[in-house]
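Notes to accompany the following structure.
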Amino acid sequence: MKQLAQNPNVAVAGDWFTAHGKGASLGYFGKNENKDIARKLRSAFAAWIDNGHNNFADENTIILRIQLTGGVLFSQGTRYDIDFRQYAK
């Protein structure tokens, strides 16, 4: 988070997908303003979110938002360039 405060540019990558965008801290997972998103995250990651690797009582446990701006998806030998900016609110 200290690095993102200096430079918010981020990238994510997997075997078939890469993307870049801007990262921002939404603050403590347990703060009142994050209640709705925390509930959605708990639901989406229910299989592992409470496996003991997270300390939700620690105010340094934050939600990191990554707003993607562009990416590349490879599927069955085809490359798809994605401009996420067109989907931004």
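The values are calculated or read from the model by the stated rules, or taken from the named source; none is laboratory data. None of the values given here were measured: they were computed from a predicted structure. So basically every Cβ, Gly included, is an ideal-geometry build from the backbone, and we count neighbours across all protein chains shown. Side chains included, ligands, DNA and RNA excluded: accessible areas come from the protein's heavy atoms. Shrake-Rupley method; radii C 1.70, N 1.55, O 1.52, S 1.80 Å.
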Residues located in segment 41-64, provided they are surrounded by 11 or more Cβ atoms within 10 Å (Cβ to Cβ), free of Cβ contacts under 8 Å to residues at least 60 places away in the same chain and under 24 Å from G21 (Cβ atoms): L41, R42, F45, I49, N54, T61, I63
message: Tell me whether segment 21-42 contains one or more residues that are at pLDDT 95 or above, small (G, A, S) and part of a loop (DSSP other than H, G, I, E, B).
response: yes
query: Would a scan of segment 1-14 turn up a residue that is open to solvent by less than 60 Å² (accessible area, probe 1.4 Å) and of a type in the set (S, T, N, Q)?
result: no
- request: Using the structure shown, decide if I82 is in contact (Cβ under 8 Å) with a residue 40 or more places away in the chain and in a strand (DSSP E or B).
  value: yes
query: Restricting attention to segment 65-89, which residues are open to solvent by 80 Å² or more (accessible area, probe 1.4 Å) and within 14 Å of the chain's Cα centre (by Cα)?
result: R65, Q67
